[in-house]
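All remarks here apply to the structure that follows.
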Amino acid sequence: MTMFENVTRALARQLNPRGDLTPLDSLIDFKRFHPFCLVLRKRKSTLFWGARYVRTDYTLLDVLEPGSSPSDPTDTGNFGFKNMLDTRVEGDVDVPKTVKVKGTAGLSQNSTLEVQTLSVAPKALETVQERKLAADHPFLKEMQDQGENLYVVMEVVETVQEVTLERAGKAEACFSLPFFAPLGLQGSINHKEAVTIPKGCVLAFRVRQLMVKGKDEWDIPHICNDNMQTFPPGEKSGEEKVILIQ
Amino acid sequence: ASDVGDVHEGFRTLKEEVQRETQQVEKLSRVGQSSLLSSLSKLLGKKKELQDLELALEGALDKGHEVTLEALPKDVLLSKEAVGAILYFVGALTELSEAQQKLLVKSMEKKILPVQLKLVESTMEQNFLLDKEGVFPLQPELLSSLGDEELTLTEALVGLSGLEVQRSGPQYMWDPDTLPRLCALYAGLSLLQQLTKAS
């Protein structure tokens, strides 16, 4: 587990225990998880270790016919941080927009992680919904052919300031044993790590499923389940086989 | 009493979910289960390849394509339910780090999966919904059958999921942040234990 994953998971749990806030796995992908980004969901859903979302190179706005774009697509809302965070939080908890978290897994003693939430404003969504879907968009066609479901990032938790995270100590002591050398484990965990997370980096996000109706109508319903398909059922492509090879 | 009830209720839900999926795997023939174990063993420790398998299975399930397990004397055609169950467990295994996946393979070789499963199960039964960190005593008999090397291996496996076990005492440190990783480890151990038992 990378340090980045440790931090995002701990943060998601603090802000939204057992909720639908998904921690980001990979620092390198954070720009593809901003509000309105389209992502794919992988993995059969389970409450216990969550779904895995995969980035795409498109946003919802990219696959709509030209039209008006909301000037400020997001708002910060009034998020009740104070009640959701435990005693490890200190700082500006009374300011609904930002919060500082200290002592979260992966943070060094002197690091403070300052985050804010951004969510797609209902009015911004209404404006965007006036635009039709670009039904011939190659990306949409590809997704439809593949039978993929698309999800729209609707809310994110992002860093307000750049922060450097450091990890050292426990893992080294526990696992840097000669016994693990043949398994190639020593190198992967026997060192100090540090990673710098830039300002505006998405750490966790919420999605809602995109639903396409007919040729170019679309919606983002509040409730979805595993049986809902983004694209209306059509003809399946040719027979294919997947073989689990020994 | 109510708290204890809640804890059991939370873990019971996971246990039932894992059992439901395991039952689908159990329906495979012995040859099928053995073949699945062999396939997975070769992929454990290669996270990217395991994720690719996950994507391929998911695609096949979505589109209703056939999934076949290569086996001798005859390939095994998997039912939709079996593919769903395998997908569930592959999802759990890809949640684990490559190091943990390699430790699982090593644990299979050493035949200590049942002990590790019992350790994780017992810890989660007691703490599943506990929101605070803490140090708790560990039933000594849980680890008593393990030799020194096996104990180290087990400590590393669960430790990489965030469950710190200390021999002295013995005791363990519970950190609620680690719950999703432990759930995934529990599911992974359950599958591999079933497959090794059947093989």
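Test B:Asp175 against the criterion of being of a type in the set (Asp, Glu) and touching an Asp or Glu at 6+ places or on another chain (Cβ under 6 Å), and give yes or no.
It is true that B:Asp175 is of a type in the set (Asp, Glu) and touching an Asp or Glu at 6+ places or on another chain (Cβ under 6 Å).
A:Gly77 - would you say it is closer than 26 Å to A:Met228 by Cβ and modelled with pLDDT under 50?
It is true that A:Gly77 is closer than 26 Å to A:Met228 by Cβ and modelled with pLDDT under 50.
What are the residues in region A:135-154 that are surrounded by 15 or more Cβ atoms within 10 Å (Cβ to Cβ) and within 14 Å of chain B (Cβ to nearest Cβ), if any?
Passing the criteria: A:Met143, A:Gln144, A:Gly147, A:Glu148, A:Asn149, A:Leu150.
Can you go through B:Glu95, B:Glu58, B:Glu54, B:Glu70 and tell me which one is over 22 Å from the mean Cα position of the chain (by Cα), facing chain A (nearest Cβ under 9 Å) and in contact (Cβ under 8 Å) with a residue 12 or more places away in the chain?
Result of the check over B:Glu95, B:Glu58, B:Glu54, B:Glu70: B:Glu70.
Table: residues versus (1) of a type in the set (S, T, N, Q); (2) outside any loop (DSSP other than H, G, I, E, B); (3) modelled with pLDDT of 75 or more; (4) over 30 Å from B:Lys110 (Cα atoms).
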{"residue": "A:Val157", "(1), (2), (3), (4)": "no, yes, yes, yes"}
{"residue": "A:Ala171", "(1), (2), (3), (4)": "no, yes, no, no"}
{"residue": "A:Cys174", "(1), (2), (3), (4)": "no, yes, no, no"}
{"residue": "A:Gly187", "(1), (2), (3), (4)": "no, yes, no, no"}
{"residue": "A:Leu203", "(1), (2), (3), (4)": "no, yes, yes, yes"}
{"residue": "A:Val207", "(1), (2), (3), (4)": "no, yes, yes, yes"}
{"residue": "A:Trp218", "(1), (2), (3), (4)": "no, yes, yes, yes"}
{"residue": "A:Ile223", "(1), (2), (3), (4)": "no, no, yes, yes"}
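Exactly one condition in (1) of a type in the set (A, V, I, L, M); (2) at the interface with chain A (Cβ under 9 Å from one of its Cβ atoms); (3) under 22 Å from B:Ala85 (Cα atoms); (4) surrounded by 21 or more Cβ atoms within 10 Å (Cβ to Cβ) is false for B:Val105; which is it?
Among (1) of a type in the set (A, V, I, L, M); (2) at the interface with chain A (Cβ under 9 Å from one of its Cβ atoms); (3) under 22 Å from B:Ala85 (Cα atoms); (4) surrounded by 21 or more Cβ atoms within 10 Å (Cβ to Cβ), B:Val105 violates only (4).
Looking at B:Thr152, B:Thr178, B:Thr196 in this structure, which one is among the polar types (S, T, N, Q), within 14 Å of chain A (Cβ to nearest Cβ), assigned to a helix (DSSP H, G or I) and surrounded by fewer than 22 Cβ atoms within 10 Å (Cβ to Cβ)?
It is B:Thr152.
The values are calculated or read from the model by the stated rules, or taken from the named source; none is laboratory data. In this text, all values refer to a predicted model and were calculated from it rather than measured experimentally. All Cβ positions, glycine included, derive from the backbone under ideal geometry; neighbour counts span all protein chains shown.
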